[in-house]
Amino acid sequence: MSMKNEKINYEKILKRLQTEEFEAKYWCNTSCGTVTADKTHLMIIDEEISIKREMFKVQGDARFCSKCNNRISDVVLDDKRLVNSYNQYRTKNKLLLPEEILNIREKYELSAKSFAQILGFGDNTIYRYEKGCLQDKVHDALLKQISKPYNFLSHLNESKVNISEKTEKKLRKKIEFLMIEDLKKAVEELTELMKKEEIVTQQAIIPNYNNISMEYNISQPFGLAA
Ligand SMILES: [Zn+2]
């Protein structure tokens, strides 16, 4: 399957959600029972969410029943707040953010499925991580490691990967290109560093006349005053 086929049509989904919004039904677990969307309203709430025994404060929209003001479960909104708390957990524990995982995959021009297969994860794992699911710490470490092309090449050489010959060939070409780019950058940085080093060395050789004139000024602070 090509990457283009897997791209999600967000506009289409958004349009569908907006249409469904008016027809959507929710469940209010008081005597109200089933309520339609127009009998509900949104409100920003503060919430504390526990993730792996750590508490995180989250602010976001939640749905309420307009009849009795009871909070109603709303999969989309509740998920959004959960993802927010996951991102706080990630930042605190120095784990990759969903968009960082996406960036690594896009750098190698791989589909979510191929990327997962190469790393030995379940087929949908990368897709779920990019959508906001909290990643396994071991998976996170591997993702960070292979974000460097050289390491990804080693992984590709040392592991038995379950991808088509065509995909592997294309990937190897891409990795090679990225490695050359990294090397070019390193050479540039080194040249820059050596230039700076040269300037520092030259400055060290030139006597510091500034200090000499300072001493002279201090000994005769007001010039002709004596
Ligand atoms: Zn209600």
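The values are calculated or read from the model by the stated rules, or taken from the named source; none is laboratory data. No experiment lies behind these values; they were computed from the predicted model shown. Cβ: placed from backbone, ideal geometry, glycine included. Neighbour counts: every protein chain shown.
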Checklist line | Tabulated pairs, segment 18-30, first within 13 Å of the ligand (Cβ to nearest atom), second modelled with pLDDT of 65 or more and not β-branched (Val, Ile, Thr), C-beta under 6 angstrom, 6+ apart or interchain | finding: Cys28/Cys65; Cys28/Asn70; Thr30/Cys68; Thr30/Asn70
Next item on the list: Would you be able to tell me the number of residues in segment 97-109 that are surrounded by 18 or more Cβ atoms within 10 Å (Cβ to Cβ) and not hydrophobic (A, V, I, L, M, F, W, C)?
Entry: 3
Next item on the list: Return yes when Glu106 is among the acidic types (Asp, Glu) and in contact (Cβ under 8 Å) with a residue 24 or more places away in the chain and no when it is not.
Entry: no
Notebook entry, point to check: Among the residues of segment 55-69, is any in a loop (DSSP other than H, G, I, E, B) and under 29 Å from Phe152 (Cβ atoms)?
Noted result: no
Next item on the list: Check Ala62, Ala112, Ala116, Ala141 and return the single one that is surrounded by fewer than 16 Cβ atoms within 10 Å (Cβ to Cβ) and either more than 21 Å from the chain's Cα centre (by Cα) or within 24 Å of Leu178 (Cβ to Cβ) (or both).
Entry: Ala141
Margin query: When you check Tyr86 against the structure, is it part of a helix (DSSP H, G or I), aromatic (Phe, Trp, Tyr) and in contact with a helix residue (DSSP H, G or I) (Cβ under 6 Å, 6 or more places away or on another chain), yes or no?
Written below: no
Check: Phe56: within 16 Å of the ligand (Cβ to nearest atom), aromatic (Phe, Trp, Tyr), surrounded by 15 or more Cβ atoms within 10 Å (Cβ to Cβ) and on the phi < 0 side of the Ramachandran plot, yes or no?
Finding: no
Check: What is the one condition in (1) within 29 Å of Thr30 (Cβ to Cβ); (2) within 19 Å of the chain's Cα centre (by Cα) that Lys107 does not satisfy?
Finding: (1)
Item checked: Tally, over segment 71-96, of residues that are within 16 Å of the ligand (Cβ to nearest atom) and surrounded by fewer than 14 Cβ atoms within 10 Å (Cβ to Cβ) -> 1
Check: Residues in segment 32-53 that are without any contact (Cβ under 8 Å) to a residue 12 or more places away in the chain and either surrounded by 14 or more Cβ atoms within 10 Å (Cβ to Cβ) or within 9 Å of the ligand (Cβ to nearest atom) (or both): how many?
Finding: 1
